[in-house]
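Here's the structure we're looking at; comments come further down.
Values quoted throughout were computed directly from the atomic coordinates according to the rules given, and no laboratory measurement underlies them. Since we're looking at a predicted model, the values are computed, not measured. Cβ placement follows ideal geometry from the backbone for every residue including glycine, while neighbour counts extend to all protein chains displayed.
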Amino acid sequence: MATAVTDLAPARRQVLVVRFTAGERIAHWMHFVAFTVLLGTGLFLYVPALQPFTIGAAGAASRLAHRAAALLFMAAPLVYLVWSPREFFGSLKDAFTWGPDDLGWLRAAWCYYTRGYACDMPPQGKYNAGQKFNALTQIITFNLFWITGFIMWFGKGTVPPTLFMWCVVIHDLSMIATVALFLLHLYLVAVHPLMRESITAMFEGTVTEEFAREHHGKWLAERVYRRRAEHNG
Amino acid sequence: MTRLAMLFDASKCIGCKGCQVACKQWWGLPGSETEQTGSYENPADLGPNTWTRVTFHEYEEAGRTQWLFLAWGCVHCTQAACVDVCPTAALKHNELGLVSFERDLCNGCGYCTQACPFGVPRLEMANPLTGQAKASKCTFCQDRATNGLIPACVKTCPPGALEWGERDALIAKAKARVEWLKARGYAQAQLYGEKELGGLGRLFVLTAPPEAYGLPANPQYPTLAAGWQRGVQPFGYVAVGATVLGLAINWIATRRARLNNVEVIAPESEGEKEG
């Protein structure tokens, strides 16, 4: 027997939870654009097959693009800081605050990775241990990138040659670490069958209540609901 | 092909700087403004437009002062750090065993200027802000050498202090010359460049210790120079490759788990589901 569309129960009004402010999202996409341009133009020197892009007009353009993108890259956290200072310091604090729930996440992560469902995963805060690990790596490599990049850009011939060569190596190692995390990040938001929804947080700023409950239960209860209750009560 | 090399015999050099001028003439390099530094050296250093330069040194031994001259430029190492760090292969060993340089391929990164244990390659910075630059150094006149001619500096050297030829033959000749000099009172006479950095393409017969000429007694290949292209880069491919593999495994596992937890219906399968 065919089911009429009108027989379906009326959809419950979906509740969306604000996850990222406009300032956070803009800073994130600035970082994304800068990072991909920096990676693309940087790989010209790294991958021998891309050598044709290092010479002639293409070489001049890619060197300029790498430097322009470097400025955008450095500006992104400043935009974050100025536009959304509360979230900036909140996230920074979160990234450096590790507790039993993070240990629980790390214990359950292998099961989630190999079997595709959460086994005894404790409710997570705004950022789970994996996201905190990503944030910490980004913070460390961001500083390594700009410091070594700055030395290579302006310090050639001024700084000791050994320091210069260390800068090249550290710049590259930072790139390898961030590319691995970048691929993981892209995979989780665009390919992973259970997490694709998380990308709406960065496009629209919100996630559904269901997603927030499942992936960031502690955050939803302790920060979102309680803060709302305090604010309204 | 047999490896070619240059031999500089300091005991024959008269410090005329003919090599310096011939180099500039052959390559069309402009002169550079210079300063009086109290020495006959001119200009005071190698530069983007000065690939060969005669250096002047005073050396005192047992109350006897020697006025030393050295025709200086790229020494064309066997273990060439500049070749190992060059990301665009602008610097490489050519078929004559010389470190050749293709200006068109150079992207101005300047890694060679930092890696060279002798500080030879120089960077001409057209625009520091945009990074437009070109490196340069002596190539032993690669255009001439690969066509059977001798480098311009060798061609012009009036006292015959510079020689060009097969490296092994030049080494034998240099060793005989060292013995000849020792027999005539130059106790410190020595050959420099036979073993240094795997063997240099520019060999030196010296009448005083290398340091007296401003040469490093024991030049060292910078370890990091090899680490970058041979260590860091392969490591990067492995690390990123392992990441992709790990993600693929997780995708298969997660997708299977998800399909076990959901019911997939399609218009054609409605009946089958009922049964």
Taking the Cβ-Cβ separation of A:M74 and A:R115 as r and a Förster radius of 30 Å, what is the calculated FRET efficiency to the nearest 0.05? 0.15
For peptide B:231-242, what's the mean number of Cβ atoms from other chains within 10 Å of each residue's Cβ? 4
Rounded to 0.05, the calculated FRET efficiency for the beta carbons of B:V262 and A:V169 at R₀ = 45 Å is 0.40
Full-stretch length increase - B:R230, B:E211 - with 0.36 nm per residue and alpha-carbon distance subtracted: 3.6 nm
Assuming R0 = 45 Å, can you tell me the calculated FRET efficiency for the pair B:K175 and A:L186, based on Cβ-Cβ distance, to the nearest 0.05? 0.10
By a straight-distance test (C-alpha under 13 Å), which aspartates and glutamates pair with B:K173 as possible cross-link partners, with residues fewer than eight away in the same chain excluded? B:D9, B:E163, B:E194
Quick check: the angle from helix B:18-27's long axis to the longest principal axis of chain B, C-alpha only, nearest 10 degrees? 40
Expected sort for B:D84, A:D94, B:D143 with the fewest Cβ neighbours (10 Å cutoff) up front is B:D143, A:D94, B:D84
Taking Cα atoms, the helix B:233-261 axis meets the longest principal axis of chain B at an angle in degrees (rounded to 10) of 0
Run the simple label-point estimate for B:A248 and B:A187 please: 7 Å along Cα→C-beta, distance reported in nm. 7.1
Ordering B:108-117, B:251-260, B:42-51 by per-residue average of other C-beta atoms within 10 angstrom, highest first, gives B:108-117, B:42-51, B:251-260
Angle check, please: helix A:85-96 long axis (alpha carbons) against the longest principal axis of chain A (alpha carbons), in degrees 0 to 90, nearest 10. 90
With the calculation restricted to Cα positions, what are the radius of gyration and Dmax of chain B in angstrom? 28.2, 112
Separation of the B:K155 and A:Q14 label points, Cα + 7 Å toward Cβ, nm: 7.8
Report, ordered by chain and residue number, the lysines lying within cross-link reach of B:K24, taken as a straight Cα distance under 27 Å and ignoring same-chain residues fewer than 8 apart. A:K156, B:K12, B:K92, B:K134, B:K137, B:K155
Work out how much length B:E166 to B:Q132 would gain on full extension: take 0.36 nm times their residue separation and subtract the Cα-Cα distance, in nm to one decimal. 8.4 nm
